[in-house]
Amino acid sequence: MSTAAAYALSASDGSFEKVTIQRRELGPRDVLIDIKFAGICHSDIHTARNEWGRTSYPCVPGHEIAGVVAAVGPAVSRFRAGDQVGVGCMVGSCGVCAPCLADEEQYCTAGATMTYNTVVDPAVQPGGHTLGGYSTQIVVTENFVVAIPEGIGLDVAAPLLCAGVTLYSPLRHWDAGPGKKVAIIGMGGLGHVGVKLAAAMGAEVTVLSHSLSKQEDGRLFGAIGYYATSDKQTFRELRGRFDLILNTVSADLPMDDYLRLLNLDGTLVILGLPENPVSVKPLNLAGYRRSLAGSMIGGIAQTQEMLNFCAEHGIGAEIELIAADEIDGAYDRVVASDVRYRFVIDVSTM
Ligand code: NAP
Ligand code: ZN
């Protein structure tokens, strides 16, 4: 067993405190990673504050991990000490169910082991639940480690491990590309990467944001349209416009208003995960043979594909680097949509 520094919450209404945690002994297929940067995803906040109701404490969030391999177990073949690597939302899955065999480990029928807050055998993570990337080191089985290509800085790569793949996967699944009109609702951590990815894939991208305050940035990221959803005229003007809408908003939205913006056979994909149920009028689906769908991160192979795509197209996240003792304030700013566009913890400050 080895020890690592980490930032943990001991209760849903607490503040982050520096703690010492244990990581398991390196197994034959394990990779020990020195974490350099950890992104702050809104899911970290939902979990840390127990908004999804299943949080084990102490909670060490963090599933946008970028670092350098410190050591590998004897059976590891794909990585060696010194490699730049990333870890996203998952650190394990059954490996034998149909989704796992199809490289969709996020839909593992036994339930994937998430990077933090999954109950596991203490042999996997001392303490009995996984502890994430707000930490100086992590031990992960090599199948759940991806290579960060040369040419993407580790700091701007970190958010790609969750935000990047969460947008890349549905954009690929629903064939975003030339001739497709794609709208992204919410230009936060997920949304801004989605704009860059969809534009790089050749789609015509529009941002639906609650105000026009980030319009200039949206255009720089590749959007050709940018509309305020606080303006009722937006919903009249864009009616029936889009083939694909990706909803990245962390709060409840009037889904019917957005469904009506879809063209014939268009799909609205739910990515944002607020706690309340969604309600829709059946006629808004039936009327134009529209679909309402959801999507969860992406598999490990697709995460690697996404990182390679980002390296090829010069895509990284727009980040605000913070010290480890600034996490509480950063959380409040994310909830207030006051972030351009992802907070990333500089783990050297731990
Ligand atoms: P974020 O950085 O906070 O971005 C969310 C954006 O939603 C904000 O920037 C804002 O964009 C918009 N928004 C926030 N509150 C709003 C409100 N009350 N009304 C309208 N718009 C609002 O969060 P994130 O890290 O991108 O995560 C977004 C959501 O995705 C979270 O619920 C998270 O848990 C979820 N998530 C899901 C997956 C998945 O696999 N499906 C993966 C990661 C995260 P504008 O200012 O542009 O309006
Ligand atoms: Zn995330």
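The values are calculated or read from the model by the stated rules, or taken from the named source; none is laboratory data. None of these values were measured; they are calculated from a predicted model. Neighbour counts are summed over all protein chains in view; Cβ atoms, including those assigned to glycine, are modelled from backbone coordinates with ideal geometry. Side chains included, ligands, DNA and RNA excluded: accessible areas come from the protein's heavy atoms. Shrake-Rupley method; radii C 1.70, N 1.55, O 1.52, S 1.80 Å.
Things to note:
- Inter-residue pairs, beta-carbon under 6 Å, first without any contact (Cβ under 8 Å) to a residue 60 or more places away in the chain and within 16 Å of ligand 2 (Cβ to nearest atom) and in region 176-192, second open to solvent by 10 Å² or more (accessible area, probe 1.4 Å) and outside any loop (DSSP other than H, G, I, E, B), 6+ apart: none
- Annotation: of all residues in region 1-52 being at pLDDT below 95 and either hydrophobic (A, V, I, L, M, F, W, C) or under 17 Å from Gly128 (Cα atoms) (or both), the one that is nearest to the chain's Cα centre (by Cα) is Trp52.
- For region 65-77, the criterion of being within 16 Å of ligand 2 (Cβ to nearest atom), surrounded by 24 or more Cβ atoms within 10 Å (Cβ to Cβ) and in contact (Cβ under 8 Å) with a residue 40 or more places away in the chain is satisfied by at least one residue.
- 1 or more residues closer than 30 Å to Thr109 by Cβ and within 18 Å of the chain's Cα centre (by Cα): qualifying helices (runs of 4 or more DSSP H) within region 248-350: 300-313
- Residue check for Ala123: in contact (Cβ under 8 Å) with a residue 24 or more places away in the chain and either more than 17 Å from Leu32 (Cα to Cα) or open to solvent by 20 Å² or more (accessible area, probe 1.4 Å) (or both): yes
- Residue match in region 81-99 (condition: among the hydroxyl-bearing types (Ser, Thr, Tyr), touching a Phe, Trp or Tyr at 6+ places or on another chain (Cβ under 9 Å) and open to solvent by 30 Å² or more (accessible area, probe 1.4 Å)): yes
- Residue ID - most open to solvent (accessible area, probe 1.4 Å), chosen from residues in region 317-350 that are of a type in the set (Asp, Glu) and touching an Asp or Glu at 6+ places or on another chain (Cβ under 9 Å): Asp332
- When Asp13, Asp44 are checked against the criterion of being touching a residue at least 12 places away in the same chain (Cβ under 8 Å) and under 20 Å from Cys89 (Cα atoms), Asp44 stands alone in meeting it.
- Some residue of region 230-243 being open to solvent by less than 30 Å² (accessible area, probe 1.4 Å), more than 15 Å from ligand 1 (Cβ to nearest atom) and touching a residue at least 60 places away in the same chain (Cβ under 8 Å): yes
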